[in-house]
């Protein structure tokens, strides 16, 4: 079962995985009944989470079997819930690029949001377009989410500038990326082209770069002011273990003046 799970996770096309996940989430919670780990997004507890990731970036006990959150989703949720006005601001216009399944139904139900989702191919998105050229008016959105996208695109600078363009003055964005904090600068080598090499050096076969500690500079170059949010300054170590979140992961809040 475990081998089949890994095989499907690493070989099936993303749109098909998204569709299959709705079936999977009906079965997995029954298999992982327990109270050792907890997902703050779905508020459910389990004996453990599922494993996730390629052979290079594989992690055990990280994928919620019900709403399919990973560490980065639970980190973002805790920030939004406990350290932002996302749920309490009277009216927010939100663009959610590459919408995550764990957030989609919750955000759609929020009466304070005018909520638009987009992706280049996802079957659950409202619109489909290339992030390099967003077909939307400038200065439209109060909040933008665009997580784990910039490692896939041809030109991250252009994509970040496009996101900056469609944001209102005073708006903010969360745009997480896989980030190797042991690297000072982003690794992007035109000689790394095969799926095998991309997985080895970029952590996944469809990545075209691996961001280093300079990802903040990418955001600043696009015009953003950047605030670092460290959850470890707000939670006890035992909570990190129960939620299965890394205490060393930083969340960048990118703001437009």
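Structural remarks
- Hits in the range 188-200 (condition: free of Cβ contacts under 8 Å to residues at least 40 places away in the same chain and within 20 Å of the chain's Cα centre (by Cα)): 198
- Filter pass, residue 238 being surrounded by fewer than 18 Cβ atoms within 10 Å (Cβ to Cβ) and not in a loop (DSSP other than H, G, I, E, B): yes
- Test: residue in the range 113-122 that is out of contact with any helix residue (DSSP H, G or I) (no Cβ under 8 Å at 6 or more places or on another chain) and not in a strand (DSSP E or B): yes
- Residue match in the range 163-176 (condition: over 21 Å from residue 118 (Cα atoms) and free of Cβ contacts under 8 Å to residues at least 12 places away in the same chain): no
- Residue in the range 208-216 that is more than 30 Å from residue 141 (Cα to Cα) and in the same structural domain as residue 149 (by TED's automatic domain parsing) present: no
- Restricting the range 155-177 to residues that are touching a helix residue (DSSP H, G or I) at 6+ places or on another chain (Cβ under 8 Å) and part of a loop (DSSP other than H, G, I, E, B) leaves a set whose member that is surrounded by the most Cβ atoms within 10 Å (Cβ to Cβ) is 175.
- Filtered by the rule that a residue be closer than 24 Å to residue 130 by Cβ and within 17 Å of the chain's Cα centre (by Cα), the range 97-114 gives 97, 98, 99, 100, 101, 103, 104, 107.
- Residue in the range 125-137 that is surrounded by fewer than 20 Cβ atoms within 10 Å (Cβ to Cβ), in contact with a strand residue (DSSP E or B) (Cβ under 6 Å, 6 or more places away or on another chain) and within 30 Å of residue 246 (Cα to Cα) present: yes
- Any hit, the range 211-219, residues being part of a loop (DSSP other than H, G, I, E, B) and in contact (Cβ under 8 Å) with a residue 40 or more places away in the chain: no
Per-residue answers, yes or no, for (1) under 26 Å from residue 234 (Cα atoms); (2) in contact with a helix residue (DSSP H, G or I) (Cβ under 7 Å, 6 or more places away or on another chain):
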residue: 47; (1), (2): yes, no
residue: 56; (1), (2): no, yes
residue: 87; (1), (2): yes, yes
residue: 105; (1), (2): no, no
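- Members of the range 191-203 that are in contact with a strand residue (DSSP E or B) (Cβ under 9 Å, 6 or more places away or on another chain) and not in a helix (DSSP H, G or I): 203
- Being under 14 Å from residue 176 (Cβ atoms), crowded, with 16+ Cβ neighbours inside 10 Å and modelled with pLDDT of 95 or more holds for only one residue in 231, 219, and it is 219.
The values are calculated or read from the model by the stated rules, or taken from the named source; none is laboratory data. Computed from a predicted structure; not experimentally measured. Ideal geometry is used to build each Cβ from the backbone, glycine not excepted, and the neighbour counts take in all protein chains shown.
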